[in-house]
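Below is one structure, written out as structure tokens; comments come after it.
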Amino acid sequence: MNPEESLYNISIFDGRQSRLTAPLRDYFSEAALYKYRVRVELKWLKYLLMETDFRTHVENLAKKEICLPNLSKEDADKLDEVEAEFSPVDAYVYEHVGKNGKKPTDHDVKAMELAIVDILKSKGLDRLSEYVHFGLTSEDVGNVAYNLMLREAIENVWLPQAIGLARQLSALSKQYAKTTVLGKTHGISASPTTAGKQYAVILSDLVDHIKAVRDIRLSSKFGGPVGNHNTFKLILPKFDIRKYSEKFINSFDLDYVEAANQTTLHSSVIALFNRIEQYNLTLYNLSNQIRDGVLLDRLSIKNDAVGSSVMAHKPPNPWRPEAVESFVIRYVNQLSAAKLALKGQMLENSIGYHSAERSYGELMAISLICINHLSKQLASVSINEKNCDKELENHYEVFSEALNMAMRLYGREDAYFDVMKRTQGKYLTREQYFDLVRQLKLPLETEKILTSDLKDFIGDADVIALNAAQKAEQAIDEIKSKYKTGKTHND
């Protein structure tokens with residue numbers, strides 16, 4: 001998008017965030033919707049005219065007075081050209097202005113049909129004109145188109161960027177697998193963990209959601225205005241339109257929904273966005289983790305940007321995680337409203353869900369914005385190991401977990417409460433803690449273990465971090481091999 005153009009757009013997605021959301025325009029813009037609908041329309045046209053069973057039933061019905069036009073290989077190639085040459089602008093003119101003596105249709109699908117017919121005539125395929133949108137209702141075409149848009153946007157845009165962020169987290173999990181940091185539960189000092197393990201928790205969850213998004217299959221209907229194939233059954237009662245419709249939907253690698261009205265109940269689409277919501281909520285958690293790391297002086301931000309318009313001393317703010325938190329909240333609220341619209345319909349159909357369908361791009365844009373902001377933030381921060389070590393030095397009281405368990409093993413009565421009385425609410429340095437241990441007069445071998453360096457009191461945190469990174473990388477390779485998504489933004 002031209003930077004100057006984005007300055008005049010109303011929506012944040014095509015405005016300030018347009019650099020991040022631009023790849024989605026090929027999938028969710030109004031022009032893209034037309035293109036996907038055209039793909040469905042022309043494939044249906046080919047199916048009808050090349051289906052021997054359909055031709056036989058039509059000709060038997062009309063006692064050979066009707067002869068369906070044949071579709072040669074050359075004609076089929078010309079139909080491919082129609083798809084390539086289709087201009088959404090022509091459909092727009094038919095819908096809002098009128099063209100070729102026709103008044104504005106005020107109907108986007110009928111406008112698209114007329115624009116297709118114009119191209120057919122220009123290519124000498126006039127005889128096919130009456131079979132464009134034959135036996136269909138708008139939502140037959142629309143629900144398939146939206147599913148294709150979603151699936152291809154996921155495969156070509158969202159997945160590569162989600163994988164890129166996962167790779168960053170995998171690298172950080174390995175890099176800081178043994179970097180000890182003070183644990184915090186409820187904001188209070190707790191047993192140590194490692195920075196790599198903290199990243200690994202996020203990584204593992206994100207990869208699970210990525211795999212789940214990848215595995216969701218979308219489903220479509222193709223049953224006419226009220227979902228019963230009424231006209232086909234009336235005019236061509238022996239033609240198995242249900243079997244034929246299922247075959248057509250399956251040709252797009254979509255699942256077929258037989259029991260539907262003019263529209264489906266959008267269950268598979270909602271399942272997809274629900275899973276992306278779970279992914280986004282984990283990004284929310286990562287945002288908190290980054291911000292908390294800055295707050296605790298554990299993370300250092302590169303001094304490569306302005307931190308304040310007036311306070312010159314400030315390093316760059318961690319504004320990206322803060323923005324992500326806001327966007328995730330927006331996603332949750334917007335998806336909640338969209339689900340009500342997608343599920344709610346009046347009798348066989350109403351158009352309340354149309355605005356929700358046209359917001360698919362906004363929902364995808366939110367997730368993409370969050371991924372990009374966190375990717376850039378992670379690239380600009382590093383663990384300040386000196387500060388992490390300093391924090392540990394003043395919190396040896398967190399050894400209380402190991403201390404009271406050891407005392408229990410030696411049969412000390414009320415071990416937990418004894419340790420609690422000695423440590424609760426106190427900040428103990430290494431020396432103070434070591435003195436405490438010696439006062440308890442435990443066996444020397446146990447005393448030696450309990451007076452270890454706090455940096456070594458990490459359990460299996462380092463192993464867990466490395467295992468999570470390895471599993472994530474294996475999952476990423478499997479995802480990429482399935483979808484051949486090419487390079488990610490971090491390759």
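Bear in mind that the values in this text are calculations on the coordinates, not laboratory data. Model, not experiment: these values are computed from the prediction. Cβ: placed from backbone, ideal geometry, glycine included. Neighbour counts: every protein chain shown.
Remark: C-alpha extents of the chain on the principal axes read 107, 55, 41 Å, sorted largest to smallest.
Net charge in the neighbourhood of Arg320 (other residues with Cβ under 15 Å of its Cβ; Lys, Arg +1, Asp, Glu -1) is +1. Taking 16 Å as the straight-line reach from the Cα of Lys174, the aspartates and glutamates in range (excluding those fewer than 8 positions away in the same chain) are Glu385, Asp460, Asp462, Glu473. Reported to the nearest whole Å, the Cα centre-to-centre distance from region 408-486 to region 256-320 is 30. For Tyr396, Tyr284, the sequence from fewest to most other C-beta atoms within 10 Å is Tyr284, Tyr396. Across region 26-134 the C-alpha pair distances fall into 5 Å bins from zero in the proportions 2, 12, 21, 22, 17, 12, 8, 4, 1, 0 percent.
Divided by 2.2 N^0.38 Å, where N counts the residues, the Cα radius of gyration of region 221-298 comes to 1.96.
Each peptide among 161-174, 372-385 gets the average number of other Cβ atoms lying within 10 Å of its residues, and from highest to lowest they stand as 161-174, 372-385. Considering only Cα-Cα distances, which of the following residue pairs are longer than 27 Å: Lys314/Lys376; Lys102/Lys123; Lys35/Lys123; Lys221/Lys471; Lys184/Lys390; Lys184/Lys421? Violating the 27 Å Cα-Cα cut-off are Lys221/Lys471. Amide H contacts of Leu440 (H built 1.01 Å from N, in plane; Pro and chain starts excluded): no residue 5 or more places away or on another chain comes under 5 Å. Scanning residues 5 or more positions from Ala190 or on other chains, those with amide H under 5 Å from its amide H are Gly183, Lys184, Thr185, with H placed 1.01 Å from N in the peptide plane.
Report summary: the helix-based calculation at 222 nm, which adds -39500 (n - 2.57) for every DSSP H run with n ≥ 4 and divides by the residues of the chain, gives -19000 deg cm²/dmol. Computed over region 390-456, relative contact order equals 44 percent, with contacts defined as Cα pairs under 8 Å that lie 6+ residues apart.
Taken along its three principal axes, the alpha carbon spread of region 390-456 comes to 35, 25, 18 Å, from the longest extent down to the shortest.
Could you pull out every residue, at least 5 positions away or on a different chain, whose amide H is within less than 5 Å of the one on Asp255? Hs are placed 1.01 Å off N in the peptide plane, and Pro or chain starts have none. Correct list: Leu218, Ser219, Ser220. For the peptides 213-223, 287-297, the ranking by packing is 213-223, 287-297, with the highest mean count of neighbouring Cβ atoms within 10 Å listed first.
Region 326-353 and region 195-237 have Cα centres lying 16 Å from one another. Taking Cα centre as origin and charging only the Cβ of basic (Lys, Arg, +1) and acidic (Asp, Glu, -1) residues, the dipole magnitude of region 390-456 rounds to 120 debye. Taking the Cα centre of the chain as origin and assigning +1 to Lys and Arg Cβ atoms and -1 to Asp and Glu Cβ atoms, the resulting dipole is close to 300 debye.
Across all Cα pairs in region 316-444, the calculated P(r) in 5 Å bins from zero up to the longest distance comes to 2, 8, 12, 10, 8, 6, 6, 7, 8, 9, 8, 6, 5, 3, 1, 1, 0 percent per bin. Diffusion coefficient (Stokes-Einstein, Kirkwood radius over C-alpha pairs, 20 °C, 1.002 mPa s) for region 132-231: 124 µm²/s, rounded to a whole number.
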